[in-house]
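The values are calculated or read from the model by the stated rules, or taken from the named source; none is laboratory data. Every value quoted in this text rests on a predicted model; they were computed, and no experiment measured them. All Cβ positions, glycine included, derive from the backbone under ideal geometry; neighbour counts span all protein chains shown.
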Amino acid sequence: MDKKYLNSIKKNLLQYAEVRREVIKSSDDALYNAKRAIFAMHRDNMKEAEEKLLNSKKLLENLLKKYYKYREVEEEGSFKAGLEEYVEANLFYQFLTTGKIGKIADITIPERSYIGGLCDVPGELYRYAIKSATQKDMKKVKQCTNMAQEITGELIEFNLTSYLRNKFDQAKMAAQKIEKVVYELSLNESK
């Protein structure tokens, strides 16, 4: 046995195990901040949402900068989950502040993470549409509906498979729920 070679492998694996623990912790914090940003947006607290989004982004950027030598970091499930939640929060924020959704330019987002986060946006649009409906804000309900339909209309062209296909199916269900809300509201208006 080449013990010198085995010892170098062991050293590298043990070293990465320490890195991985920090990646998991910081990624979880990034995910938490992104979720708190979404929660703040649902309460129309955009100042808090901006702060939480910035915290989430900084945590993710710091991991990438600190551990740039370790390509494995970007493949860690916890990192991918944190990044995807950040994408969802960022895109929802874009919609609420501009009425549009586009590229996230201030941090590099892998395409699959972007699509995964985008698939989650119709769920947030559904929740926001319900809130808007209770406030009798039909304009906002219709904006949410239109965006959810636009997202699912674009995503259907991607021929998604596996994990992203499941997320796309959830996006379609959320879009259908918003459409049902609009339908029920239109029935109430005609009475």
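At-a-glance table
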read-out: Residue 80, sole failed condition from (1) in contact with a Ser or Thr (Cβ under 8 Å, 6 or more places away or on another chain); (2) charged (D, E, K, R); (3) at pLDDT 95 or above; value: (3)
read-out: Residue match in region 80-88 (condition: surrounded by 15 or more Cβ atoms within 10 Å (Cβ to Cβ) and out of contact with any helix residue (DSSP H, G or I) (no Cβ under 7 Å at 6 or more places or on another chain)); value: no
read-out: Selection status of residue 72, closer than 22 Å to residue 131 by Cβ and assigned to a helix (DSSP H, G or I); value: no
read-out: Residue within region 114-133 that is surrounded by fewer than 19 Cβ atoms within 10 Å (Cβ to Cβ) and without any contact (Cβ under 8 Å) to a residue 12 or more places away in the chain present; value: no
read-out: For residue 163: the one exception among (1) buried (at least 18 other Cβ atoms within 10 Å of the Cβ); (2) free of Cβ contacts under 8 Å to residues at least 60 places away in the same chain; value: (1)
read-out: Answer residue from region 12-45, given it is of a type in the set (A, V, I, L, M, F, W, C) and loosely packed, with under 15 Cβ neighbours inside 10 Å and is nearest to residue 113 (Cα to Cα) among those; value: 39
read-out: Some residue of region 53-73 being among the basic types (Lys, Arg), buried (at least 20 other Cβ atoms within 10 Å of the Cβ) and not assigned by TED's automatic domain parsing to the domain that holds residue 149; value: yes
read-out: Residues of region 166-188 satisfying the condition of being more than 18 Å from the chain's Cα centre (by Cα) and in contact (Cβ under 8 Å) with a residue 24 or more places away in the chain; value: 177, 178, 179, 181, 182, 185
read-out: Residue in region 83-91 that is under 17 Å from residue 24 (Cβ atoms) and of a type in the set (A, V, I, L, M) present; value: yes
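Residue by residue, here is whether (1) out of contact with any helix residue (DSSP H, G or I) (no Cβ under 9 Å at 6 or more places or on another chain); (2) at positive phi; (3) at pLDDT below 95 holds:
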| position | (1), (2), (3) |
| --- | --- |
| 5 | yes, no, yes |
| 9 | yes, no, yes |
| 31 | no, no, no |
| 48 | no, no, no |
| 58 | no, no, no |
| 66 | no, no, yes |
| 72 | no, no, yes |
